[in-house]
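The next block holds one structure in the form of structure tokens; read it before the comments.
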Amino acid sequence: MFSRHVVVVEDEALLRDLIAKTLESSGFEVTTAANAADAARAFKAHDPDAVVLDVELGPGPTGFDFAESLHKTAPDVGIVFLTNLPDARFAGRETKDLPSKIAYLRKSQLIDSNELVDALEAVLHDSVSGGQRHDLASSRPLAALSKKQISVLQLLAMGYTNAQIADKRGTTVRAVEGIVSRIFQALDIDVQAEGNARVEAAATYLRASGKSLSDA
């Protein structure tokens, strides 16, 4: 007999199914959703106890957007982010923007499914530990960079020139050059080798965010 209901919001069908089966085997009733719109309908229909939520959900609202809305309307619902992104900066947010008392797990850091189940139990009982907040770990990728630097690095990884980045950000090329130079320094990249430095910085961002070149 299921005692608690969880909505799993994940845009990758295979992973969504695996997460659902894992939670069902641990005694949860599970409803799945592929995006924020599906998740909103699921919440209205089932009024669940918790959500396991990816951040990147394809076109439309992100997991952060959905969580923010959910926290306003149903603050008693437990939230577990399960994502490739090291922290909120990679989606243009700050940690302080996230709802309180959440768990944040990076997919690549999970050893086994018990960690997800434990995180769910923690948010349901308001007992989240530091180990269930991967977004706060000092060892997380690119921890030394600011949100602005992450944003510029993302554009660099997408192949934009400094001039194009300046145009998108509404600033000057000189300002962008300064930001890029500080990024290279923070990543300990040889700033004298301009072309190679940009390639290395882009590769560093892609590894950190769990993306491939085609995703950038």
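The values are calculated or read from the model by the stated rules, or taken from the named source; none is laboratory data. Quick caveat, the model's predicted, so the values are computed rather than measured. Don't worry about glycine lacking a Cβ; one is built from the backbone with ideal geometry, like all the others, and counts go over all protein chains shown.
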### Task
Determine the pairs where a residue that is under 25 Å from Arg207 (Cα atoms), located within the stretch 158-175, has a partner that is part of a loop (DSSP other than H, G, I, E, B) with Cβ atoms under 6 Å apart, the partner being 6 or more residues away or on another chain.
Met158/Ala216; Ala166/Thr172
### Task
Return a yes/no flag: does the stretch 83-102 have any residue that is assigned to a helix (DSSP H, G or I), crowded, with 20+ Cβ neighbours inside 10 Å, more than 16 Å from the chain's Cα centre (by Cα) and touching a residue at least 40 places away in the same chain (Cβ under 8 Å).
no
#### Entry: Leading residue by the ranking (farthest from Ala144 (Cα to Cα)) among those in the stretch 158-201 that are among the basic types (Lys, Arg) and either touching a helix residue (DSSP H, G or I) at 6+ places or on another chain (Cβ under 7 Å) or surrounded by 14 or more Cβ atoms within 10 Å (Cβ to Cβ) (or both)
Lys168
### Query
Where residues in the stretch 103-127 are of a type in the set (Val, Ile, Thr) and either modelled with pLDDT of 95 or more or in a helix (DSSP H, G or I) (or both), which of them is farthest from Glu29 (Cα to Cα)?
Val123
### Message
As an exercise: evaluate Lys21 against (1) over 18 Å from the mean Cα position of the chain (by Cα); (2) more than 21 Å from Asn114 (Cα to Cα); (3) at pLDDT 95 or above and give the number of the one condition it does not meet.
### Response
(2)
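Residue by residue, here is whether (1) in a helix (DSSP H, G or I); (2) of a type in the set (D, E, K, R); (3) touching a residue at least 24 places away in the same chain (Cβ under 8 Å); (4) surrounded by fewer than 13 Cβ atoms within 10 Å (Cβ to Cβ) holds:
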site: His5; (1), (2), (3), (4): no, no, yes, no
site: Leu23; (1), (2), (3), (4): yes, no, yes, no
site: Val30; (1), (2), (3), (4): no, no, yes, no
site: Ala39; (1), (2), (3), (4): yes, no, yes, no
site: Ala42; (1), (2), (3), (4): yes, no, yes, no
site: Ala45; (1), (2), (3), (4): yes, no, no, yes
